[in-house]
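Working notes for the structure below.
Coordinate-derived values only; no laboratory data. What you are looking at is a predicted structure, and each value in this text was computed from that prediction instead of being measured. Positions of Cβ are generated from backbone atoms using ideal geometry, with glycine treated the same way; all protein chains shown enter the neighbour counts.
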Amino acid sequence: MTARRAAVERNTQETQIRAAIGLDGSGRAELASGIPFLDHMLHQIARHGLFDLEIHAHGDLQIDAHHTVEDIGITLGQAFAQAVGDKAGIQRYGHAYVPLDEALSRVVVDLSGRPGLVYAVEYPRAFIGSFDVDLLHEFFQGFVNHAQVTLHIDNLRGHNAHHIAETIFKACGRALRVAVSPDPRQSGVPSTKGTLSG
């Protein structure tokens with residue numbers, strides 16, 4: 001299998017972002033979003049997905065973190081889609097349950113070629129430190145729209161907001177890791193349509 005890596009740059013009047021991902025990595029992360037909590041969450045995707053991930057972002061954080069978080073999701077989604085390629089020979093589907101103390105979350109993904117997000121998460125508080133938890137939905141929405149994947153995220157239980165968020169990102173990394181893994185019995189695209197481009 002050829003190296004599955006991609007890098008994307010996105011430059012607007014609000015943000016300047018570079019995202020790079022290697023799907024067959026070791027979990028190495030080089031993260032500089034300007035938002036420490038988001039870096040911590042992205043590190044979970046890299047570590048538990050065994051992806052090599054680089055994110056460098058400069059955004060209008062003097063306003064708030066919304067544009068930066070959403071645009072990182074968009075740019076990472078674009079890089080992910082490019083790295084996956086035509087999806088021949090992969091598992092296509094992945095799921096993971098991840099606990100952290102009292103919290104438990106489930107993430108299920110289909111590299112369907114169609115964007116779809118079901119995000120069933122309720123946080124017990126609006127902020128984790130200074131980070132607005134609403135922005136996590138915006139990150140995942142940007143990601144699925146541009147990665148062209150269907151993603152179901154369910155928090156099944158938990159009362160610590162940090163634990164809930166961390167289980168979601170860990171489970172996302174593990175589910176994506178399974179979905180992009182080679183299927184030794186699958187030589188073509190895993191679809192009766194013969195394509196997963198939408």
If each residue's Cβ is checked for other Cβ atoms within 10 Å, how do Thr15, Thr68 rank with the fewest at the top? Thr15, Thr68
Taking the Cα atoms only, what angle lies between the long axis of helix 161-180 and the longest principal axis of the chain, rounded to 10 degrees? 10
For segment 58-152, what is the Kirkwood hydrodynamic radius in Å, using each pair of distinct C-alpha atoms? 14.6
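What does the charge add up to near Ser105, with Lys and Arg as +1, Asp and Glu as -1, over the other residues with Cβ less than 15 Å from its Cβ?
Working: positive: Arg106, Arg157, Lys170, Arg174; negative: Asp101, Glu102, Glu122, Asp154, Glu166.
Local charge sum for Ser105: -1.
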Degrees, to the nearest 10: 36-49 long Cα axis against longest axis of the chain: 20
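Taking every pair of alpha-carbon atoms in segment 5-98, give the share separated by more than 19 Å as a whole percent.
Details: 1769 of 4371 pairs.
The answer is 40 percent, as a whole percent.
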Please list the non-local residues whose amide H lies under 5 Å from the amide H of Ile90, H modeled 1.01 Å from N, same-chain partners needing a gap of 5 or more. Asp183
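Grab the other residues whose beta carbon is less than 12 angstrom from that of Ile74, score K and R as +1, D and E as -1, and report the net. Can you show the working numbers first?
Details: positive: Arg10; negative: Glu9, Glu14, Glu70, Asp71, Glu138.
Surrounding charge for Ile74 is -4.
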Footprinting proxy, Val107, Val121: sorted fewest to most Cβ within 10 Å, the residues are Val121, Val107
Sorting Gln148, His162, Ile55 by the position of each Cα along the dipole of the chain (Lys, Arg +1; Asp, Glu -1; all at Cβ), the one nearest the positive end of that ordering is Gln148
Given the Cα-Cα distance of Glu102 and Ala7 and 0.36 nm per residue of separation, how much length would full extension add, in nm? 30.5 nm
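Just need the relative contact order of segment 5-180 here, percent rounded to a whole number, with Cα pairs under 8 Å and 6+ apart. Walk me through the intermediate numbers first.
Details: 442 pairs, mean separation 49.1, N = 176.
About 28 percent, as a whole number.
For a quick check: sort Arg28, Arg157, Arg47, Arg185 by the number of other beta carbons within 10 angstrom, fewest at the front.
Arg185, Arg157, Arg28, Arg47
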